[in-house]
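Read the structure below first, then the notes.
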Amino acid sequence: MRAKQKVKEAAKRIKEQKEAEKAGRKRRKERLAELRPAGYYKAQAQQAFNAYIRARDADLPCISCGETNPPDLHGGQWDCGHFKTVGANPELRFEERNAHKQCKSCNAGAGKYTAKEATVAQQYEAGLVARYGQGYVNWLNGPHEMTNYRREDFIRIRDEYRDKLKALKQREAA
């Protein structure tokens, strides 16, 4: 009888210790999340957004050059290219109508079109006009309200695009 009670008490102590360790890990994870800079979440949000855009446009050719099977480069064949750059137009960073699938060489601004005397940006614009019309391009080129994203916004955007990507992949699988 006494031996059973000791075993039960030992099991209870072990269980309590494991629960305390689990709670400690959770607190540590929360504190670490609070210490992370907004840039950490900004990068995660951008990564989720880019993955969604590449999946959304998976069946379409490169918006700039029309390539459907570019050479396989380090990091994959495709990028999420922004028509209006993220640096010059941060308010359009997470605008789906500003981002499209682009092959690596076009997104990196390689001299692919120098012989044709057209830049990648001009080809991108021509691709947008062909797909969506001039009014669409005029809207992108027009003024936009500045957005000041905070940590919570980046977390929300990250989660939103992860969910969208998951739903898109589920639709494709079905």
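Scan (i) 42; (ii) 38; (iii) 29 for the value of percent of Cα pairs over 28 Å apart calculated from this model and give just the label.
Label (i) holds the value from this structure.
For the cross-link pairs Lys26/Lys166; Lys29/Lys166; Lys22/Lys101; Lys104/Lys166, which exceed 32 Å when the distance is taken from alpha carbon to alpha carbon? Display every interim value, and only then the final one.
Working: Lys26/Lys166 26 Å; Lys29/Lys166 25 Å; Lys22/Lys101 42 Å; Lys104/Lys166 24 Å.
Table pairs above 32 Å Cα-Cα are Lys22/Lys101.
Size of the dipole of the range 36-173 about the Cα centre, Lys and Arg at +1 and Asp and Glu at -1 on the beta carbon, nothing else charged, in debye to 20?
Roughly 360 debye, rounded to the nearest 20.
Would you work out which of His82, Val120, Asn50 lies farthest towards the positive end of the dipole of the chain? Charges go on Cβ: Lys and Arg +1, Asp and Glu -1.
Asn50
Dipole size in debye (nearest 20) for the range 1-57 around its Cα centre, Lys and Arg Cβ +1, Asp and Glu Cβ -1?
Taking the Cα centre of the range 1-57 as origin, the dipole is about 500 debye.
How far, in degrees from 0 to 90, does helix 151-173 lean away from the longest principal axis of the Cα atoms of the chain, to the nearest 10?
Result, in degrees: 80.
Could you please state, rounded to a whole Å, how far the C-alpha centre of the range 5-47 is from the C-alpha centre of the range 155-171?
Between the Cα centre of the range 5-47 and that of the range 155-171, the gap is 26 Å.
Each value in this text was obtained by applying a stated rule to the coordinates, not by laboratory testing. This is a predicted model, so every value here is computed, not measured. All Cβ positions, glycine included, derive from the backbone under ideal geometry; neighbour counts span all protein chains shown.
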